């Protein structure tokens, strides 16, 4: 055993589990699986005409940010993301206003049983607050036993949700005209 191998953990087992988790998950998510049995299609259907706000904590916060980007770019759908526990210090104060917005928002909580117990408690209280304001809340739980598997399984699922939402929004996921315009205009400005 080399000095470096004693310092750096071998993640091959985590990676193998992540691949297997996604392989199994994939069978439920493909386009040929009808919506009643396809959780990504069902979630996309619930998001039509709504503003997704994706919440993540700890190692799932970057995944929440990715979901937001995938909704923007693939589905051409406005979306936001927030990080727990920070959102408990500011976002919760604004849940009730402006009027008539709460019924158009869907909060998607990216969750893990590996979260610290205090974070788990925050999730539950945050969900209570949202439901009291009439905000639709969905929880997406990571699959697998390790962080890598949970992160990749939620990314995998979110990518499918964004693509199915694109179909429902009648949006082509590939072209991103506003980004192309921005790049072109910035190039013109030197």
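Scanning region 126-166 for residues being at positive phi and modelled with pLDDT of 95 or more gives a total of 1.
For the criterion of being surrounded by 14 or more Cβ atoms within 10 Å (Cβ to Cβ), within 14 Å of residue 154 (Cα to Cα) and either modelled with pLDDT under 95 or more than 13 Å from the chain's Cα centre (by Cα) (or both), residue 39 passes.
For residues that are in contact with a strand residue (DSSP E or B) (Cβ under 6 Å, 6 or more places away or on another chain) and crowded, with 17+ Cβ neighbours inside 10 Å, scanning just region 139-190, find the one that is farthest from residue 70 (Cα to Cα). Among those residues, the one meeting the criterion is 140.
Going by the conditions given, is residue 101 modelled with pLDDT of 95 or more, out of contact with any helix residue (DSSP H, G or I) (no Cβ under 7 Å at 6 or more places or on another chain) and surrounded by fewer than 19 Cβ atoms within 10 Å (Cβ to Cβ)? Spelling it out, it is not the case that residue 101 is modelled with pLDDT of 95 or more, out of contact with any helix residue (DSSP H, G or I) (no Cβ under 7 Å at 6 or more places or on another chain) and surrounded by fewer than 19 Cβ atoms within 10 Å (Cβ to Cβ). Checked against (1) surrounded by fewer than 20 Cβ atoms within 10 Å (Cβ to Cβ); (2) within 30 Å of residue 12 (Cβ to Cβ), residue 64 meets all criteria but (1).
Of all residues in region 119-159, those that are farther than 19 Å from residue 51 by Cα and not in a helix (DSSP H, G or I) total 6.
In this structure, residue 114 does satisfy being over 23 Å from residue 46 (Cα atoms), surrounded by 16 or more Cβ atoms within 10 Å (Cβ to Cβ) and either within 20 Å of the chain's Cα centre (by Cα) or modelled with pLDDT of 90 or more (or both).
The values are calculated or read from the model by the stated rules, or taken from the named source; none is laboratory data. If you're wondering where the values come from, they're calculated on a predicted model, not measured in any experiment. Glycine also receives a Cβ, built like all others from the backbone with ideal geometry; neighbour counts cover every protein chain displayed.
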